[in-house]
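Okay, so here's the structure we're looking at.
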Amino acid sequence: MISLGVECTAHTFGVGLVEDGRVLSNERDVYKPALGSGIIPMEAAKHHDQVSGTILENALSKAGIGLGDVDVFSVSCGPGLPPCLLSGVRFAVRVAKGKPVVPVNHCVAHIEIGKLDSGCKDPLTLYVSGGNTQVMGLEKKRYRVFGETLDIGVGNALDKFGREVGLDNPAGPEVEKTAIGGRYVELPYTVKGMDLAFSGILTAALRRREKVALKDLCFSFQETVFSMLCEVTERALAHTGKLEVMVVGGVAQNRRLFGMLTDMSKAHGAKAYAPRPEWCGDNGAMIAYAGLLAFRHGSRERMEVQPRWRTDSVAINW
Ligand code: ATP
Ligand code: FE2
């Protein structure tokens with residue numbers, strides 16, 4: 001069975017084609033805000049409208065199939081920016097021409113493609129991207145959220161920090177490179193119960209910009225936020241007794257974060273996993289794959305734009 005997935009929650013417009021557990025193609029184009037600016041939702045949606053036709057054509061031709069060969073369509077309905085979600089949903093419904101269209105939760109899709117690519121089976125998942133930061137694990141047919149950010153996503157914190165100190169956007173990879181060989185200076189560490197907050201550390205780091213070398217500031221920013229992430233993940237690991245820890249989302253590409261999670265997991269007799277970089281960030285194939293799982297198991301989620309769709313509200317029937 002061939003599934004076509006459309007990703008459209010924020011910056012990325014992607015179309016992926018999956019046949020059973022095999023990815024046939026995965027095409028995307030990423031909206032880039034003007035220099036020094038953050039994402040403007042209406043502009044991102046306009047970008048999606050402009051590139052959608054070409055991305056679809058490329059995905060089909062790379063897979064060597066036609067639209068008529070697709071059995072089921074899927075689209076990310078949330079969480080995300082309303083204009084972007086609307087653009088993607090309209091597109092998916094239009095190209096499906098009456099064939100089934102499955103609504104997919106973006107966070108669930110990250111977990112499923114992460115499991116498929118990294119080979120783990122029942123992980124405690126740390127999902128870290130621009131817009132999201134959550135620690136989740138499967139319990140009683142739901143991905144329960146054990147801890148999450150109370151303000152911005154950790155990737156967003158890295159990007160805002162990077163933008164203010166003059167690094168290229170997205171700044172996550174730039175901060176990672178600049179941090180090599182840095183020394184630690186203290187920054188606020190904010191874990192509240194099982195939740196996290198990043199805006200205080202961002203403000204504090206920017207205040208120290210004049211007095212601390214950029215390398216040391218990047219190093220300290222990473223060490224602090226990654227330690228916070230590891231602490232919450234560790235507590236959820238101890239609570240659930242799971243034997244696998246998986247990190248997904250754009251920030252999962254960071255080697256320092258993966259190293260810290262690996263050490264922490266070992267101390268609990270668990271193993272750390274991360275999908276390959278192509279599967280860390282937003283992409284259409286993850287939507288196609290999660291949509292196929294949902295379709296095959298008779299998922300009954302509502303087909304509508306859900307900007308605040310909670311991961312733990314989705315029934316996991318597979
Ligand atoms: P979502 O819709 O899930 O919030 P997103 O739009 O933020 O996703 P992703 O591709 O999942 O898109 O993640 C992008 C984020 O990942 C950016 O904030 C970027 O700085 C960060 N990132 C990418 N590579 C690295 C890295 N090596 N180290 C740290 N952060 C990284
Ligand atoms: Fe994402």
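Miscellaneous remarks
- For region 241-280, a tally of residues being in contact (Cβ under 8 Å) with a residue 24 or more places away in the chain, closer than 22 Å to LEU138 by Cβ and among the polar types (S, T, N, Q) returns 1.
- Selection from region 263-288 of residues that are among the small types (Gly, Ala, Ser), within 13 Å of ligand 1 (Cβ to nearest atom) and assigned to a helix (DSSP H, G or I): GLY284
- Screening GLU234 against (1) more than 19 Å from the chain's Cα centre (by Cα); (2) among the acidic types (Asp, Glu); (3) farther than 15 Å from LEU124 by Cβ leaves a single unmet condition, (3).
- Region 71-85, subset farther than 18 Å from ASP49 by Cβ and not in a strand (DSSP E or B), residue farthest from ligand 1 (Cβ to nearest atom): ASP71
- Single residue of THR149, THR178, THR125, THR133 found to be more than 24 Å from THR12 (Cα to Cα) and either crowded, with 21+ Cβ neighbours inside 10 Å or at pLDDT 95 or above (or both): THR178
- Taking the listed residues ASP195, ASP216, the one that is over 30 Å from THR311 (Cα atoms), assigned by TED's automatic domain parsing to the domain that holds LEU124 and modelled with pLDDT of 95 or more is ASP216, with no other qualifying.
- In region 24-39, residue nearest to ASP69 (Cα to Cα) [restricted to those that are of a type in the set (A, V, I, L, M) and more than 13 Å from ligand 1 (Cβ to nearest atom)]: LEU24
- Hits in region 90-122 (condition: within 16 Å of ligand 1 (Cβ to nearest atom), part of a helix (DSSP H, G or I) and either surrounded by 22 or more Cβ atoms within 10 Å (Cβ to Cβ) or under 14 Å from the mean Cα position of the chain (by Cα) (or both)): HIS106, CYS107, VAL108, ALA109, HIS110, ILE111, GLU112, ILE113, GLY114
- Pairs where the first residue, in region 169-180, is within 6 Å of ligand 1 (Cβ to nearest atom) and the second is of a type in the set (D, E, K, R), C-beta under 9 Å, 6+ apart: PRO170/ASP159; ALA171/ASP159; ALA171/LYS160; ALA171/ARG163; GLY172/ASP159; GLU176/ARG255; GLU176/ARG256
Listed here are the residues, each with its yes/no results for (1) within 14 Å of ligand 2 (Cβ to nearest atom); (2) in contact with a Cys (Cβ under 9 Å, 6 or more places away or on another chain); (3) outside any helix (DSSP H, G or I).
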residue: ALA252; (1), (2), (3): yes, yes, no
residue: ARG256; (1), (2), (3): no, no, no
residue: ALA290; (1), (2), (3): yes, no, no
residue: LEU293; (1), (2), (3): no, no, no
residue: GLN306; (1), (2), (3): no, yes, yes
residue: ALA315; (1), (2), (3): no, no, yes
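- Selection within region 157-190 - in contact with a Phe, Trp or Tyr (Cβ under 9 Å, 6 or more places away or on another chain) and either within 16 Å of ligand 2 (Cβ to nearest atom) or not in a helix (DSSP H, G or I) (or both): ALA157, LEU158, LEU167, ALA171, ILE180, GLY181, GLY182, ARG183, TYR184, VAL185, LEU187, THR190
- Residue match in region 9-28 (condition: in contact (Cβ under 8 Å) with a residue 24 or more places away in the chain, of a type in the set (Lys, Arg) and away from ligand 2 (no atom under 16 Å from the Cβ)): no
- Counted residues, region 5-40 - those being in contact with a Pro (Cβ under 9 Å, 6 or more places away or on another chain) and buried (at least 16 other Cβ atoms within 10 Å of the Cβ): 4
The values are calculated or read from the model by the stated rules, or taken from the named source; none is laboratory data. Quantities reported herein were computed from a predicted structural model and do not represent experimental measurements. Note: ideal-geometry Cβ built from the backbone for every residue, glycine included; neighbour counts use all protein chains shown.
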